[in-house]
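One structure is given below, encoded as structure tokens.
The values are calculated or read from the model by the stated rules, or taken from the named source; none is laboratory data. Only a predicted model underlies this, so the values are computations on that prediction, with no experimental measurement involved. Cβ atoms come from the backbone with ideal geometry, glycine included; neighbour counts cover every protein chain shown. Side chains included, ligands, DNA and RNA excluded: accessible areas come from the protein's heavy atoms. Shrake-Rupley method; radii C 1.70, N 1.55, O 1.52, S 1.80 Å.
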Amino acid sequence: MGEEGKTPAKRRYFFDCEFVDKDEQDFQLEVISIAVVSEDDQEFYAINEDFDPESCDHEWLQENVIPKLPDRSDDKWMSIEEIRQAILDMIEPAETIEFWARNGSQDHFILCKIFNGMGRLRDILKEEKGVDKVVFRDTHELRRIFGESAVPPLAEEDKHDALVDAQAPSQI
């Protein structure tokens, strides 16, 4: 709660998703991983336990994403239901929640998919957190507001790690 027990006007969450395009004609994306970082530095990172790296034949993912995933025995591997609940548990009440992602159109889609659709995401946040408005923003807006160096480019070895990608803009 903010001043005098009031709900803050706005809270910001920076996130990133890694995913595989299962069927390009039907736009069926499968979540690989998601990371969410709050503006007060809380962090959440998980890998979808239904994702099978062994059966993924996407060369780019095999080279750039899969090597960065923790071992299957790591507790970061969770069901979509567990991921949804953990994200919900992380979100604090506010009038408006802003979800920020780098080049985020597909990431926003994935986040909504985790919550069974945009309408359901908004309903759940309203019911459980008192959120009146959900806004999706792209971190490129930060570059326009604060200058080109506001969101520094990631080192090549850090790219496509959902947690690192979500942490970078949260430091502004």
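Per-atom-type breakdown for the chain gives carbon and sulfur 44% of the accessible area (1.4 Å probe, protein chains only). Most simply put, segment 1-102 has about 70% antiparallel DSSP beta bridges, counting only bridges with both residues inside it.
Could you work out which residue, out of 130, 119, 104, moves most in a Gaussian network model of the chain, that is, has the largest mean-square fluctuation with Cα springs under 10 Å? Of 130, 119, 104, the most mobile in the Gaussian network model is 119. In the chain, the longest principal axis of the Cα atoms and the axis of helix 80-90 are about 30 degrees apart. At an R0 of 25 angstrom, the distance between the Cβ atoms of residue 118 and residue 40 translates into a FRET efficiency of 0.50.
Across the chain, the longest piece that holds none of the trypsin sites (Lys or Arg not before Pro) lying in DSSP loops with up to 15 other C-beta atoms within 10 Å covers 73-158.
Just the number, please: Stokes-Einstein D of the chain in µm²/s, Kirkwood Rh from C-alpha pairs, 37 °C, 0.692 mPa s. Here the translational diffusion coefficient equals 196 µm²/s.
Quote the charge dipole size of segment 62-113 about the Cα centre in Debye, to the nearest 20; the model charges only the Cβ of Lys and Arg (+1) and of Asp and Glu (-1). For this selection, approximately 260 debye. Multiplying the residue separation of residue 96 and residue 55 by 0.36 nm and removing their Cα-Cα distance gives an extension gain of 10.8 nm. Note on residue 81/residue 6: beta-carbon distance plugged into 1/(1 + (r/R0)^6) with R0 of 22 Å gives a FRET efficiency of 0.10. Once a ≥ b ≥ c are taken as the square roots of the eigenvalues of the Cα gyration tensor of segment 72-164, is the result rounded (a/c under 1.5), prolate (a/b larger than b/c) or oblate (a/b not larger than b/c)? Verdict is oblate for segment 72-164.
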